[in-house]
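Readers should treat all values here as calculations from the given coordinates under stated rules, not as data from a laboratory. Quick caveat: nothing in here was measured; it's all calculated off a predicted structure. Ideal geometry is used to build each Cβ from the backbone, glycine not excepted, and the neighbour counts take in all protein chains shown.
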Amino acid sequence: MTSVATKIEAAPRERIALSRTHVRWLIMLAVACGAIMVFFPFFWMAVTSLKTAPEIQRVPLQIAPDHWLNLSNYVEVFKRESFLRYLLNSTIVASVAAVSSVVVSSLAGFGFAKYRFPGRDIFFLAIVGILMVPFQSVVVPLYVWINDLGLLDTYAGIVAPDLVSVFGVFLMRQAIEMIPNDYIDAARIDGASELRIFFLVILPSVKPAIATLLIIKFLWSWNEFFWPLVVISSPQMKVVTMGLMSFSNMYFIEYNLLTAAAVISILPILIIFITLQRWVVQAVVMSGLKG
Amino acid sequence: MRQWLHIAFPRNYLDRRKRAGFLFVLPALLFFGSVYLLPLAQSIMYSFYKIAPGGAKQFVGLRLYEKVLTDSTFWTAVGNTVQLLLFSVPVTVVLALAVALGLNRVTNLKWRNLWASMYFLPFATSLVAAALIWQWIYDPVYGFLNYALSFVGIPPQKWLQSLSQVLPSLAVVSVWVRIGFDTMIFLAALQSIPAEYYEAANMDGASGFQRLRYITLPLLNAQIVMVCILELIFNFKIFDQVYATTQGGPAGASQTIIGLLYDTAFKFFRFGDASVMAVFVFVTLMVATLLQWRLFRKPVEY
Amino acid sequence: MKRGGWWSLAALAALMVAVAFPSPGFAQQKKLVLWTHWDQNPDFNKWYAEKGKEFAKKTGYEVEVVTIPYQGYEAKYLAAFMAKNSAPDIFMGMTHQWCGQYDFCDKMPADLAKTYDENLPKYMVEVGKWKGERYGIPIEHGNFQQMYINTDMFRKAGLNPDDPPKTFDVWLADMKKLTIADPKGGEPTQVGFAIRSKGAPVGITDKFLPFAHAWGARMLSPGLDKATGYANSPQMVAALTFFGDLVNKDKVASLAFGNPEDAFGQKRAAVIFRESWFFGWLKKNAPDVNFKVYALPCEKVCPGAGALFPWTDLVYKNSPNKQVAWEFMRFISNPKDDMEHHQLQGILPVWTVNLDSAYVKSRPDYQSTKDMLAQQVPPSYFHPKSNELATAFGEAVVGVLFGKGQPKPLLDEAAAKMDRILKD
């Protein structure tokens, strides 16, 4: 009897130990499978960019291209549109938008999170309200306004609606709210000015959020299509999204060229992101150590 | 009014604190005021005018509001948009949360970065490019999806061509694009939950599920609310993906509010009507956001 | 420190603004700006700039061509015209929209207008005109549907590809022979006709109109002021019934085949009604399809060459350079340039004298185009609200295709809606 009892007592602990690893592996598997499924359209896009137009039309479907090194689509894309220039323009615009967003959003986030002043909630609501306005309905008046400022076809004009991100204000406010008030009060007792507190206490504590905002705002600005379309007329100022859309026209979509152009537009982002990811992780780990 | 005077001319330390707070938000306010305020006011003004052929404007008061809000096409578009929402928003938030929790558990940094980048990549494509690629995957004849399904014996589906499947198919595209973004937000938040909380819970013998329910989710409450609000706004204003692929078809089954707004403004040249729709969108989203905020925001004690 | 902190932030902001601002302009080359959204025809667009260099030698003005993505072009045009000083000098668009709905076009000088009225094919004379006045130059001929048939599939079905059906009754019988139904009752593996069922209703209206015109129906009254009695006339109902039956009863067309162009290119459909640009697409995307082009079949009357979308080159009314712009238009308005311009891109020239040139004779659609031009000119619907009207009408067509209702009630509803739009 006792031997059975001890066996039963012993088994549950082992079972818990097994199922812990089990669970961890299952989670890893699920995450990995999800990632692969999410990544699949990109693989498909890349593979298609190596096919000629007749190959794409082929039925039944053929996954691999006839010639894996068929770069004719890429050559054609660069011939038709000056994509290198577009990449440069997009990079400049997106970088300015990202940096400006971080600066203004973190300032505003701090103000909204840790201060009380008359009209605070109304101002916050007004800023969030901007997000609720359909851009299509303000585009024409906005264009006239930017034109009056003489900023058409300039980097300033392209980036103008993008300089501050509502999402950024949101995110920074949430992130800064989580900072315990004791830290701030301690700094105040030490005699620091409000701005000093911002630079020395707040900013270091929200590094992950800043990194997140930088990346997200950069990408969001990079992928803007409608406003650049309306505000840019000069061929040298075009951005990547406009170049991409020139392969989808009134009558048909040139999938072979579109996918090649899409790969070209993503490649720099991929590179930036992979490099930045390491930096993000570092920042996160370091702030975690500070506790 | 008196309060503003005190901000401008602070009497004491507290007033100076208030002024500092105001100054911190001033740049953002200035920006929105200078860039968006004028165009916004103008577009609201348009909702009270009718543009006659030739370009002349004609004041018509609330007549356009009556016209748009009693138009069945408009309400069909609203219905379609809401249906899209009801699919995209919960699925995106839940999946993003699940993925973030899963990624948080992965201890090997290299793998975690790799998977995280893969989830995030769709956000790096423009909405239009993403939609076009998905449209092709969805193609009834030579799209990959039907091809894959044929291996498990499912007959080819019409996806974007089918009256019943078009909305869920479009919703999948939205989920695909947005999931990485929300995962990043959740992951960043999860990373900043101090380990002590979990250690304390473990000492009390809490199960994984209990940890999730009583520690993780409440601490993530702020982010979850924020993500829900953002996803609601984003999906309510859905336009690029639909316009690039189905253009509201087939037979109006995928016409969304903003799609209708765009057509009304730029293809039918009825700016007044379009501005009415814009006001509708704004008011609806404002109300929905306020509701979500009041109902779901819980203060968290540290 | 406190004040210094704020100042340094302000300085940072100023620096960023300074970086983003444009560099001061140097003496700029005088030029005419031309906007087009025809990004599938890059050679056609570049030709304007090439010609512009020649033009510059005479007048000092070059021509800068700006291609705008088709998606969203209306918003861009409208914004630019509203803002006035950022608008192009010459732009490509539809006359009844930019000159009719709005007042953005400059009238063409009388002598140039006369030249075009005398040298365009009969059906194209109205293209570029609004209320009898000419504003622009049509840039595209052949923008009407013709019948493309897959000769191999015809032969396989026992039909003679050199003897195409000339009436819709014979056509329907042929379609039935060309359709291979699925024994299990699912979608057919091969259909006779590649039907357009996806996308915005305007496009679907465009594809259905030849059927409507062949049955003797018209979408609007001759004065373009009434829809009821025309859009829902018995002839229109008959035409739409025939069209809907193709999918629902005769099953010679299917909604499950995606793009009709793709279906034809993949040899899943034997016949498609498409415009003259299509064989260029076929050569590129489906070079192994053997095809022939013929005039559309007739029913009560022949469909004829019509255009729902009259694309023209127009001149902006408030352009400071509009005199020079018309000079440039005059400069390129001759048979030789017309020929060169269109041949470069492989599309049909616009001047009647060029329609019998060697280039056009060598095209697969030469004879069919001639046959279609010989037919009666169908109604045109160049009304400022044409987009909205065609959308309302298209909703009825799509409704029938997708089985959402019967032709008569759907058309009645559409006609009522169209009348409301016309009256508004």
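Here is how the numbers come out for the structure above:
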{"quantity": "Candidates C:L401, C:L78, C:L296, ranked by Gaussian network fluctuation over chain C, Cα under 10 Å, top entry", "calculated": "C:L78"}
{"quantity": "Only Lys, Arg (+1) and Asp, Glu (-1) charged, at Cβ; region C:211-299 dipole about Cα centre in debye", "calculated": "160"}
{"quantity": "At least 30 Å along the helix axis (C-alpha) and Kyte average at least 0.5, DSSP helices within chain B", "calculated": "B:72-105, B:166-191, B:271-296"}
{"quantity": "Extent along principal axes [Cα atoms of chain B; Å; largest to smallest]", "calculated": "77, 74, 30"}
{"quantity": "Full-extension gain in nm, C:K361 to C:T151, via 0.36 nm per residue minus C-alpha separation", "calculated": "73.6 nm"}
{"quantity": "Under DSSP loop assignment and at most 13 Cβ neighbours within 10 Å, longest trypsin sites (Lys or Arg not before Pro)-free interval of chain B", "calculated": "B:12-296"}
{"quantity": "Helix C:110-119 axis, angle to chain C major axis (alpha carbon atoms, nearest 10°)", "calculated": "30"}
{"quantity": "Highest-fluctuation residue, A:L258, A:L142, A:L214 considered, GNM on chain A with Cα pairs under 10 Å", "calculated": "A:L142"}
{"quantity": "Binned Cα-Cα distance frequencies in region C:205-359 - 5 Å width, integer %", "calculated": "1, 7, 11, 14, 15, 14, 13, 11, 8, 4, 1, 0"}
{"quantity": "Selection from C:P165, B:Q83, A:A35 lying farthest towards where the dipole of the protein assembly as shown points positive, charges on Cβ", "calculated": "A:A35"}
{"quantity": "Overall Cα dimensions of region B:1-108, principal axis frame, Å, largest first", "calculated": "59, 54, 24"}
{"quantity": "Inter-chain shielding of A:112-123 (mean C-beta neighbours from other protein chains, 10 Å cut-off)", "calculated": "5"}
{"quantity": "Computed [θ] at 222 nm, helices only, for the protein assembly as shown once each DSSP H run of length n ≥ 4 contributes -39500 (n - 2.57)", "calculated": "-19000 deg cm²/dmol"}
{"quantity": "Most positive-pole-ward Cα, A:A160, C:G100, C:P364, against dipole of the protein assembly as shown from beta carbon charges", "calculated": "A:A160"}
{"quantity": "Region A:103-202 - Rg over Rh from alpha carbon coordinates, Kirkwood radius", "calculated": "1.10"}
{"quantity": "Interatomic Cα distance distribution for region C:108-183, bins of 10 angstrom, percent", "calculated": "15, 31, 14, 18, 17, 4, 0"}
{"quantity": "With Cα atoms, 0 to 90° folded angle of helix C:2-20 axis to chain C main axis", "calculated": "60"}
{"quantity": "In degrees, nearest ten, helix C:42-59 long axis to first principal axis of chain C (Cα)", "calculated": "40"}
{"quantity": "Environment charge of B:V25, counting only residues whose C-beta is closer than 13 Å and scoring Lys/Arg +1, Asp/Glu -1", "calculated": "+4"}
{"quantity": "B:V287 versus B:A200: modelled label distance in nm, points set 7 Å from Cα along the beta carbon direction", "calculated": "4.2"}
{"quantity": "Average other protein chain Cβ within 10 Å of Cβ, residues B:91-98", "calculated": "1"}
{"quantity": "The protein assembly as shown: Cys lacking any partner C-beta under 4.7 angstrom", "calculated": "A:C33, B:C228"}
{"quantity": "FRET efficiency for A:L125 and C:N318, using Cβ-Cβ distance with R0 set to 35 Å, rounded to 0.05", "calculated": "0.30"}
{"quantity": "Volume of the Cα convex hull of region C:336-386, divided per residue and given in Å³", "calculated": "116"}
{"quantity": "Calculated FRET value between B:F296 and B:R105, using beta carbons and R₀ = 25 Å, to 0.05", "calculated": "0.45"}
{"quantity": "Chymotrypsin sites (Phe, Trp or Tyr not before Pro) lying in DSSP loop within region B:74-153, provided at most 11 other Cβ fall within 10 Å", "calculated": "B:F151"}
{"quantity": "Within the protein assembly as shown, percent of DSSP bridges classed antiparallel, to nearest 5", "calculated": "70"}
{"quantity": "Estimated dipole of the protein assembly as shown in Debye, rounded to 20 [Cβ of Lys and Arg +1, of Asp and Glu -1, Cα centre]", "calculated": "2220"}
{"quantity": "Relative contact order, percent, chain C [alpha-carbon distance under 8 Å, six or more residues apart]", "calculated": "24"}
{"quantity": "D (Stokes-Einstein, µm²/s), Kirkwood Cα radius, region A:172-265, 1.002 mPa s at 20 °C", "calculated": "126"}
{"quantity": "Computed E for B:I154/A:Q62 - FRET, C-beta separation, R0 22 angstrom, nearest 0.05", "calculated": "0.60"}
{"quantity": "Among C:Y70, C:Y316, C:Y381: highest mean-square fluctuation, GNM of chain C, C-alpha pairs under 10 Å", "calculated": "C:Y70"}
{"quantity": "Normalised convex hull volume, the protein assembly as shown, alpha-carbon set, Å³ per residue", "calculated": "198"}
{"quantity": "Kirkwood hydrodynamic radius over Cα pairs of region C:269-424, then Stokes diffusion coefficient at 25 °C and 0.890 mPa s, in µm²/s", "calculated": "127"}
{"quantity": "B:I193 paired with A:Q236, simple spin-label distance in nm, labels 7 Å along Cα-to-beta-carbon", "calculated": "5.3"}
{"quantity": "Chain A: DSSP helices with Cα axial extent of at least 20 Å and average Kyte-Doolittle hydropathy no lower than -0.5", "calculated": "A:2-48, A:83-114, A:207-222, A:255-290"}
{"quantity": "Selected from B:A130, B:V225, A:Q57, residue furthest toward positive end of dipole (the protein assembly as shown; charges at beta carbon)", "calculated": "B:V225"}
{"quantity": "Ranked B:S162, A:S165, criterion: other C-beta atoms within 10 Å, fewest first", "calculated": "B:S162, A:S165"}
{"quantity": "Percent RCO, i.e. relative contact order, over region B:18-151, from Cα pairs under 8 Å lying at least 6 residues apart", "calculated": "7"}
{"quantity": "5 angstrom amide H check on C:G258, placed H, neighbours 5+ away", "calculated": "none"}
